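The values are calculated or read from the model by the stated rules, or taken from the named source; none is laboratory data. As the structure is a prediction and not an experimental result, all values here were calculated from the model. Positions of Cβ are backbone-derived with ideal geometry, glycine not excepted, and every protein chain shown enters the neighbour counts. Keep in mind that these areas ignore ligands, DNA and RNA; they rest on the heavy atoms of the full protein, side chains included. Shrake-Rupley method; radii C 1.70, N 1.55, O 1.52, S 1.80 Å.
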Amino acid sequence: MTQPKTWSDRFEGSLHPAIARFNASIGFDIELIEYDIAGSIAHAKMLARTGIISAEEGEQLVTGLTQILCEYQEGNFNPGVDAEDVHFAVERRLTELIGDTGKKLHTARSRNDQVGTDIRLYLRDKIDDIREQLREFQTVLLDLAADNVETLIPGYTHLQRAQPVSLAHHLLAYFQMAQRDWERLGQVRERTNISPLGCGALAGTTFPIDRHYSAQQLDFNSAYANSLDGVSDRDFAIEFASAASLIMVHLSRLSEETILWASQEFSFVSLKDSCATGSSIMPQKKNPDVSELVRGKSGRVFGHLQGLLVLMKGLPLAYNKDLQEDKEAIFDTVKTVRVCIEAMTILLREGMEFRRDRLNEAVNEDFSNATDVADYLAARGVPFREAYNLVGKVVKTSLAAGKLLKDLSLQEWQEIHPAFAEDIYDAIAPRQVVAARNSYGGTGFEQVRNAIAEAKTLLQTLE
Ligand code: ARG
């Protein structure tokens with residue numbers, strides 16, 4: 001099979017079929033088609049406006065391009081490997097549709113600035129989608145938090161019971177992470193939203209183009225000030241992969257927690273059938289697949305970040321074909337992050353239920369109130385470090401006796417230190433232990449209620 005000719009008359013032969021397949025990006029960059037057409041429409045309008053082509057030619061180009069988009073959306077435009085990439089595919093179809101005028105579209109443009117435009121338009125759009133999804137995820141977290149201000153859950157450090165916290169406080173930690181993710185993506189969007197269109201192959205163009213006009217047509221905030229930079233950097237894509245990686249880190253941590261919580265050992269949540277699967281062999285099992293997949297998929301996204309960094313590090317200015325490799329990494333990052341946020345949102349909204357009975361048992365059966373005993377003494381004049389050591393001893397003897405702190409009699413307390421009085425029992429009740437941590441950002445109920453109110457305001461704030 002010989003390939004139809006794509007290149008100028010400098011070329012006499014055609015590509016080896018295997019090399020044609022190797023070289024082609026149409027298999028994946030077709031994903032960019034609507035952005036490619038939008039970029040071409042802006043370019044065509046600019047060419048007409050600056051008189052580089054006639055107004056009529058400009059209109060013909062726009063009509064033809066619009067038609068290709070319709071054909072694509074109706075499933076009637078399926079270019080094969082012979083088209084090489086989406087840019088050629090569209091240009092070729094345009095020429096079929098409108099004749100020789102189609103060949104004028106590429107005046108004062110190169111595929112290098114064209115692909116740079118496409119990928120930025122694509123990413124800008126996807127960033128907006130992901131930010132919207134993050135908002136939904138945050139809303140679910142916030143609703144869940146609002147229902148659980150007074151539900152207590154053991155708080156851990158080193159995965160050892162540390163101090164009980166409000167479940168709402170725990171969930172709001174993820175709300176805050178998602179908030180920063182949302183903000184971070186907003187910042188990445190700013191640096192993605194710059195137009196390389198008109199940078200040409202690398203050095204600009206001899207035609208009297210108006211880059212600011214085409215940038216404006218595409219809602220870009222500005223145009224790259226340096227053509228070499230504009231066609232060859234992908235820093236915005238790396239920033240995006242980095243922001244996406246952080247989203248995945250956050251989702252993966254939450255996944256890990258829900259996996260633990262759903263285990264028989266914790267039993268803090270029960271999974272609903274809509275978000276769990278069974279085992280093909282062990283009939284008693286209910287597996288937390290959603291969380292496990294999110295945790296697993298995070299690896300792919302981190303891989304794409306690494307891949308893009310390595311892709312860029314050795315590239316001399318300006319465009320190099322290596323850059324074709326940015327696309328699948330970007331597309332897969334977008335898709336993975338999107339399905340993961342969606343799945344975790346569903347899991348939280350309707351796929352699991354907190355077991356308040358188990359949570360209540362958990363916070364009442366441990367020594368996570370030990371700090372409060374030390375604080376109790378410290379508030380009564382005993383130096384904290386001395387109180388800390390004393391309570392350490394109490395924990396040790398209680399453990400040996402199979403008792404919890406709440407089981408000690410007042411006499412036993414007073415033998416430990418005369419400062420103990422009847423109110424020690426209130427001070428170490430889990431509810432009081434939580435309520436007392438009323439410092440800003442702490443788990444005290446008052447703080448948590450304020451945090452919920454502030455979070456609600458945040459969600460109402462537009463960009
Ligand atoms: N498919 C190419 C890419 O994704 C388009 C740009 C090709 N430019 C070139 N000079 N060969 O990067």
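Which value, in debye to the nearest 20, describes the size of the charge dipole of the chain about its Cα centre when Lys and Arg Cβ atoms bear +1, Asp and Glu Cβ atoms bear -1, and nothing else is charged?
720
Relative to the compact-globule scaling 2.2 N^0.38 Å, provide the ratio for the alpha-carbon radius of gyration of the range 1-156.
1.49
Whenever you get a sec, compute what percent of the accessible area on the chain sits on carbon and sulfur atoms (1.4 Å probe).
51
Taking the Cβ of Val363 as the centre, find all other residues whose Cβ is under 13 Å away and add up their charges (Lys, Arg: +1; Asp, Glu: -1).
0
Just to confirm, what accessible area per residue do you get for the range 21-81 at 1.4 Å probe, in whole Å²?
Value returned for the range 21-81: 47 Å² of accessible area per residue.
By a straight-distance test (C-alpha under 26 Å), which lysines pair with Lys396 as possible cross-link partners, with residues fewer than eight away in the same chain excluded?
Partners within reach: Lys406.
When ranked by the protection proxy of mean other Cβ atoms within 10 Å per residue, highest first, what sequence do the peptides 262-269, 454-461 form?
262-269, 454-461
Based on the Kirkwood radius over alpha-carbon pairs, what value in µm²/s does the Stokes-Einstein equation return for the translational diffusion coefficient of the range 362-438 at 4 °C and 1.567 mPa s?
104
Assuming R0 = 51 Å, what is the FRET efficiency of Ser409 and Glu190, from their Cβ-Cβ distance, to the nearest 0.05?
The calculated FRET efficiency here is 0.20.
For the range 307-463, report the translational diffusion coefficient in µm²/s to the nearest whole number, using Stokes-Einstein at 10 °C, 1.306 mPa s, and a Kirkwood Rh over Cα pairs.
Estimated diffusion coefficient is 76 µm²/s.
Fully extended, how many nm does the chain gain between Arg380 and Asp423 (0.36 nm per residue separation, minus their Cα-Cα distance)?
14.2 nm
State the Cα centre-to-centre distance between the range 440-463 and the range 323-357 in whole Å.
Computed from Cα coordinates, the inter-centre distance equals 25 Å.
Place the peptides 10-19, 148-157 in order of packing, highest mean first, counting for every residue the other Cβ atoms within 10 Å and averaging per peptide.
148-157, 10-19
To the nearest 10 square angstrom, how much accessible area does Thr397 have with a 1.4 angstrom probe?
90
Roughly how many debye, to the nearest 20, is the charge dipole of the range 333-432 about its Cα centre, given +1 on each Lys and Arg Cβ, -1 on each Asp and Glu Cβ, and no other charges?
Dipole of the range 333-432, to the nearest 20 debye: 520 debye.
Can you list the residues, at least 5 places off or on another chain, whose amide H is less than 5 Å from the amide H of Val269, using H built in the peptide plane?
Amide H neighbours of Val269, under 5 Å, 5+ apart: Ala262, Arg355.
Using amide H atoms built in the peptide plane, which far-off residues or other-chain residues are under 5 Å from Ala162 H to H?
Gly155, Tyr156, Thr157
Please compute the contact order of the chain in relative form: average sequence separation of alpha-carbon pairs under 8 Å and at least six residues apart, divided by the residue count, as a percent.
15
Could you do me a favour and compute the accessible area per residue for the range 384-463, 1.4 Å probe, result in Å²?
I get 63 Å² per residue for this part.
Taking the mean number of other Cβ atoms within 10 Å as a proxy for protection, how do you rank 39-45, 131-137, 104-110 from highest to lowest?
So the peptides 39-45, 131-137, 104-110, ranked by packing, come out 39-45, 104-110, 131-137.
Using just the alpha carbons, could you tell me how many Å³ per residue the convex hull of the range 225-341 encloses?
Dividing the Cα hull volume of the range 225-341 by its residues yields 120 Å³.
What list of ³J(HN,Hα) couplings, whole Hz, do you get for the range 402-416 from phi and the Karplus terms 6.51, -1.76, 1.60, once you set θ to phi - 60° and write x for glycine and proline?
Taking θ as phi minus 60°, the curve returns x, 10, 9, 4, 5, 7, 6, 6, 4, 4, 4, 4, 6, 5, 6 Hz for the range 402-416.
Using only the Cα atoms of the chain, what do you get for the radius of gyration and for Dmax, in Å?
Computed over the Cα atoms of the chain, radius of gyration and Dmax are 30.5, 102 Å.
Where a Cα-Cα gap under 12 Å defines reach, which aspartates and glutamates qualify for Lys286, not counting those fewer than 8 residues away within the same chain?
By straight Cα distance, Lys286 reaches Asp273.
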